[in-house]
Amino acid sequence: MNTSKLPPFTEDGTLPQGDYAMTLDQLQASVLVTGSGDSGTSGVTTWDAAWRGQLVQNLRIMVEQLWAIGIDEIFIDGSFVEDKDHPNDIDGYFVCDIQDIADGTITQKLNQLDPAKCWTWDHAARRAYRGYPKKQLPMWHIYRVEMYPHYGQLAGVDELGNALEFPAFFRKCRRSNKPKGIIQIVKDVEKDGK
């Protein structure tokens, strides 16, 4: 696991292959928000640091809710961790027990914490958003963050048609199918005292 210092983006505009552990504060101060430094974004005048910062604040709300119910393995990905100047959202997943998803325990606990009660993965709860071809989950409409539970299910296929679980699916670039890096959100042990 790599530390909070992020390497420059690859030629494909992604993080080099690997898992990069970061606290939320480190993420907020990183080149993924500021766009400065040796990440390959310096000099990009359209880099939307304010929007990226807001996405991290929204992510913080959701991550703290996950932590509050005992979920610690949380990963983020998508265009937010690429050199896209204005990502649409943050995508991610968290590791949980299949039984807690099947019986609704996780959804119930998270919605007890969330004022918008937006935690669901029910396809029927998706709503359209202007200019987007696919319908979005309620959490996306509220936070512009989509966090999916991972309990061993499949999430996609590789370039050879082999089924992939979330961990492998999230670590491949959709455009090129090349391996890429991902951010693991970790607790700040100094701040939390744990």
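Tabulated data for the structure shown
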read-out	value
Subset tally (residues that are at positive phi and at pLDDT 95 or above) for region 40-88	1
Qualifying residue in region 152-165 (condition: within 13 Å of the chain's Cα centre (by Cα) and touching a residue at least 12 places away in the same chain (Cβ under 8 Å))	no
Residue in region 120-130 that is within 30 Å of Lys5 (Cβ to Cβ) and either in contact with a Pro (Cβ under 7 Å, 6 or more places away or on another chain) or in contact (Cβ under 8 Å) with a residue 24 or more places away in the chain (or both) present	no
Listing of helices (runs of 4 or more DSSP H) fully contained in region 132-194 that carry 1 or more residues being in contact with a strand residue (DSSP E or B) (Cβ under 8 Å, 6 or more places away or on another chain)	138-143, 166-169
Boolean, Asp100 is in contact with an Asp or Glu (Cβ under 8 Å, 6 or more places away or on another chain) and either under 18 Å from His150 (Cα atoms) or at pLDDT 95 or above (or both)	no
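The values are calculated or read from the model by the stated rules, or taken from the named source; none is laboratory data. Owing to the predicted nature of the structure, the values given are computational and were not obtained by experimental measurement. As a convention, Cβ positions derive from the backbone with ideal geometry for all residues, glycine included, and neighbour counts pool all protein chains shown.
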